[in-house]
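Where a number appears in this text, it was derived from the coordinates with a stated rule and is not lab data. Being a predicted model, the structure only gives us computed values, none of them experimental. Cβ: placed from backbone, ideal geometry, glycine included. Neighbour counts: every protein chain shown.
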């Protein structure tokens, strides 16, 4: 079969077309005919070698997958040939990724695609939506009436976190960098869009929370933004970060008695266990879509697999609005 393969770590240009063996599903796996995938920052970091979680080279990347079931392992129940499915393919350690005609995926890391959901929408959701779901519902446990700040509200995870927090009945604020992104987050349920380039943390807290701080801060940016999240949270508040790698000053956390949680959605792939958690979150995300609480916003350009290098460049340049999706043309 054809696949986009990485033979050496580096820039987007290292993603090249190749021919590789057709995989056979293990007893607990499903072979998926890949229809679409999407780009996550994790994919770019694995490609470049900045995050040492990739498979031995040559490797097939991309975690998110949407497609149809082509073959089912002998120990699998709940899926049959022709089913439309989405989930976590791999591109991590022992699991080849979705940039191929077919990929074998642990059945527990898949869920059925709702009838009204397109493959491109489904491909945008696994990593980003399950991250947002875990952050909002499992870690922060957002409640109605709480004031929630989503840092990076127009990003892949951020725009989904905005919707999930809004569906909880929270008052949602989101940081953005452009007027277009401000318009998007408001359309998705944010009551307040904050241009972080113009308002510092102290100004933000004073202007939008009467100086009290936020009940919950969801940090989707990392780096200096995590420190800003600690400053923006109210005493006794909760902070959830999806990008906590690096060294950070936790003094504000200690001084205000904050709770800090970190979400790493692909941990089951890294640890080779816990896939049931992925399937459960995927089913919850699908239900939220069907209920009208969650809809992925796709970047204006849909790329093809053969254009994956361009898609990676777009994400790394910070040009994406929502999720960057690719359709399989191999």
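Structure notes:
- Computed P(r) (all Cα pairs; segment 120-187; 5 Å bins; percent): 4, 20, 28, 24, 17, 6, 1
- In segment 128-262, the alpha-carbon atoms span a convex hull of 89 Å³ per residue.
- Peptides 193-201, 215-223 ranked from most to least packed give 215-223, 193-201, packing being the mean of other C-beta atoms within 10 angstrom over each peptide's residues.
- Here the extension length gained between residue 280 and residue 75 equals 71.9 nm, from 0.36 nm per residue of separation less the Cα-Cα distance.
- Relative contact order of the chain: 18 percent, from C-alpha pairs under 8 Å at least 6 residues apart in sequence.
- Structure-based [θ]222 nm, the chain - -39500 (n - 2.57) summed over DSSP H runs of at least 4, per residue, nearest 500: -8000 deg cm²/dmol
- Site pair residue 251 and residue 116 shows an inter-label distance of 5.1 nm when each label is modelled 7 Å from Cα along Cα→Cβ.
- The chain: antiparallel DSSP beta bridges as a percent of all, rounded to 5: 55 percent
- Between 0 and 90°, nearest 10: helix 158-167 axis offset from the chain longest Cα axis: 70 degrees
- Cα-based helix-to-principal-axis angle, 275-290 vs the chain, degrees rounded to 10: 70 degrees
- Of the peptides 245-253, 149-157, 283-291, the ranking by mean beta-carbon count within 10 Å, highest at the top, reads 149-157, 283-291, 245-253.
- One chain, two ends: residue 195 and residue 56. Fully extended at 0.36 nm per residue, the span grows by 45.9 nm beyond their Cα-Cα distance.
- Computed FRET value (nearest 0.05) for residue 293 with residue 20, which takes r as the C-beta separation and R₀ as 35 Å: 0.35
- Peptide packing: for 32-38, 22-28, 118-124, the average count of neighbouring Cβ atoms within 10 Å per residue gives the ranking 32-38, 118-124, 22-28, highest mean first.
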